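Structure incoming, see below.
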Amino acid sequence: MLTVLGFFALLLAIGTTGATGDRGRELREQQGQIQGRIESLRRDLKESERSHADLREELRRTEAAIAEVSARLHQAALARQAVRRELSELERQRRELDQSAQGQQEQLARLLRRHLWHGESDALKQLVAGVDPHHLARDLHYLKQLARAKAELIGDLKRMAQEKRRLAEQERERHARLAEIEHEEQAERSALQQKQRERQAMLDRLAVRIREQKREIDTLRRNEQRLAALIETLARRKPPAAKPVPAAGPKPARPAAAPTTASPLPAEPVAASGAFAALKGKLVLPVKGEISARFGMARSEGGPSWKGIFIRVAAGSEVHAVANGTVAYADYLRGYGNLLILDHGDGFLSVYGNNEALLKQVGDRLRANEVLATAGSGGSGPESGLYFELRHRGQPFDPLRWARPR
């Protein structure tokens, strides 16, 4: 294969020797080699593009698996919160039982002391002393009631002890369930992180392979163009008479390409009205984070400017609806990852892309601030966050003119 250094060495040799016919044939052979290499690379690129499609499909399946795991993680977190609330309630009940049991024990102690000092011996003294039998009968009745009260208190204390044991057992069960939930959540999180690494590795392999092949094809194509121009120049020349052909001078500078400027995006919707339009300035962004890309900004990698904003947040962060609406779309879309679109009526839509998991389905009605997804890195790039748009009758407009930070 003709390398770039070899090609420029060849150009130098031509410039200093002035060879024509033989050198021209040699150059044509070199041109054929380059063309053959370009054809080979084109075939390889087609194969890479087929692999690209396969990897994209694998990426779509990975995204679906990540979404499923993330949804289960969200449910596990809700279950853990519920168990903790139950544990708090059980602890409160135990404290109340402890206070009640302490009061009952103090009351029983008072009754026992009273019975000890004023029990049957006191009644016998009164009988010997000739106290009125009716008064003595009343005292005996009182003593019976006192004994009955002592028995009831002892029974209450037994029941309280049993209830405390039952609550303690429930508390142990809840703690065990909480530990189980946390273990499951950790396993799910590990699976999620593994799938994220797999997805990133696929993206890296894909980007490197396509970029290198296209770069080599572009380099060889430029070489071929230079070589073809040189061969054409040599074909028009006559053999030199006495002095060598002067070396080819530097190429004229290529005119700079005129900068392409896309039509500016409308920052505000045209002729907007209705309930959603009345919320301008009152909306709150779906997540709290750093805005790393703004509406209308040029993309660092080129291409069309941003039609929404990108909010950088940690994976798994909850995404909230900006207003009441109905889910019009909830599925994977290439370039946007797991995408959800809310229809707010009167031609207004809000778009939530790059999600880790979608928690709502098409047709679901949502209230403002209701959680609809968890953010992630499910779009075309590796950065974790949320891509957010507002549109009116299909046209995007600047969300930051309508919504304030969370």
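What follows draws every value from the coordinates through simple rules; no lab data is involved. These figures come from a predicted structure and were not determined experimentally. Neighbour counts run over all protein chains shown; Cβ positions are idealised from the backbone, glycine included.
Order these by the 10 Å Cβ neighbour count, fewest first: W306, W402.
The order, fewest Cβ neighbours first, is W306, W402.
What's the local net charge at A330, with K and R +1, D and E -1, over the other residues with C-beta under 10 Å away?
Result for the neighbourhood of A330: -1.
Next up: Using the Cβ atoms and a cut-off under 11 Å, what net charge is assigned to the surroundings of S350, where Lys and Arg are +1 and Asp and Glu are -1?
-1
Starting from the Cα-Cα distance between I210 and A328, subtract it from 0.36 nm times their residue separation and give me the gain in nm to one decimal.
39.0 nm
Using the count of nearby Cβ atoms within 10 Å as a rough guide to exposure, how do L45, L339 rank from fewest to most?
By the 10 Å Cβ count, ascending: L45, L339.
Neighbour counts of other C-beta atoms within 10 Å: give me Y352, Y329 arranged from fewest to most.
Listing Y352, Y329 from fewest to most nearby Cβ atoms yields Y329, Y352.
How large is log10 of I(q)/I(0) for the stretch 308-363 at q = 0.12, 0.20 Å⁻¹ when the intensity is taken from the Debye formula with one equal scatterer per alpha-carbon?
Rounded to two decimals, the profile gives -0.26, -0.74.
Still on this structure, please answer the following. Can you run the Rg to Rh ratio on the stretch 277-404? Use alpha carbon positions and the Kirkwood inverse-distance Rh.
Taking Rg over the Kirkwood Rh, I get 0.93.
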